[in-house]
Amino acid sequence: MTEKMFNAGKIINTHGVKGEVKVLRITDFEERFMPGNHLYLEQDGEQLLKLEIASHRIHKGYDLICFKGYDNINYVEHFKGCYLKITEEQLTELDANEFYYHEIIGCTVFTRAGEKIGVIREILSPGANDVWVVKKEKGKDVLVPYIEDVVKHVDIEAKKVVIQPMEGLLD
């Protein structure tokens, strides 16, 4: 498959003996895991296995998924550590000022004054808002909350983000 693929989750363990897998979600779209939908399992960084979701439930903050035809722990044990992906066609249309993680990661962050802070290397979703982890050229990472008061402009095409740092953010 040569189409561009995007991470939707990572299988972190099995759950029970009936083929359920415990998934760490890497998407804001719960409908990705609805029964009948398809995901692609990335094995060894290359091979893609198309899987149909048979069942989905949430347990202790994780998504538990069972795939059609994989109703035994022995069939899914080797899935641990693998990423679940979607195709570009499966991406959902976003509203204004909403972005996919893959669009934000890799963007360079500047202050309004034009000072380069670093490059966004990861996005955390700890609660009410996302936190963008910015890798500086030297020193500790900067954690930038994705809130209106801080993030002033995002230019996906130019891979550039402009922020107004709140007090203590860059210390």
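The values are calculated or read from the model by the stated rules, or taken from the named source; none is laboratory data. What you are looking at is a predicted structure, and each value in this text was computed from that prediction instead of being measured. Quick reminder, even Gly has a Cβ in these numbers, built from the backbone with ideal geometry, and neighbours come from all protein chains shown.
Given the structure, is Glu98 in a loop (DSSP other than H, G, I, E, B), free of Cβ contacts under 8 Å to residues at least 12 places away in the same chain, over 30 Å from Asp171 (Cα atoms) and among the charged types (D, E, K, R)?
no
Given the conditions (1) of a type in the set (S, T, N, Q); (2) over 19 Å from the mean Cα position of the chain (by Cα); (3) at pLDDT below 95; (4) surrounded by 15 or more Cβ atoms within 10 Å (Cβ to Cβ), which single one is not true for Asn37?
The single condition Asn37 does not satisfy is (2).
Out of all the residues in the range 58-73, which are at pLDDT 90 or above, charged (D, E, K, R) and out of contact with any helix residue (DSSP H, G or I) (no Cβ under 6 Å at 6 or more places or on another chain)?
Of everything in the range 58-73, those that are at pLDDT 90 or above, charged (D, E, K, R) and out of contact with any helix residue (DSSP H, G or I) (no Cβ under 6 Å at 6 or more places or on another chain) turn out to be Lys68, Asp71.
Which condition from (1) more than 22 Å from the chain's Cα centre (by Cα); (2) surrounded by 15 or more Cβ atoms within 10 Å (Cβ to Cβ); (3) closer than 30 Å to Val21 by Cα is the one that Cys82 breaks?
All conditions pass for Cys82, except number (1).
Output the residue which, of all residues in the range 118-130 that are at negative phi and at pLDDT 90 or above, is surrounded by the fewest Cβ atoms within 10 Å (Cβ to Cβ).
Arg121
Run Val23 past the list (1) touching a Gly at 6+ places or on another chain (Cβ under 6 Å); (2) in the same structural domain as Lys135 (by TED's automatic domain parsing); (3) not polar (S, T, N, Q) and report the number of the one that doesn't hold.
(2)
As an exercise: evaluate Val162 against (1) β-branched (Val, Ile, Thr); (2) at pLDDT 90 or above; (3) closer than 22 Å to Ile26 by Cα and give the number of the one condition it does not meet.
Here Val162 clears every test but (3).
I need the full set of residues from the range 74-98 which are modelled with pLDDT under 90, over 14 Å from Leu39 (Cα atoms) and among the hydrophobic types (A, V, I, L, M, F, W, C), in order please.
Leu94, Ala96
Listed residues Ile53, Ile11, Ile123; which is in the same structural domain as Glu148 (by TED's automatic domain parsing) and of a type in the set (Val, Ile, Thr)?
Result of the check over Ile53, Ile11, Ile123: Ile123.
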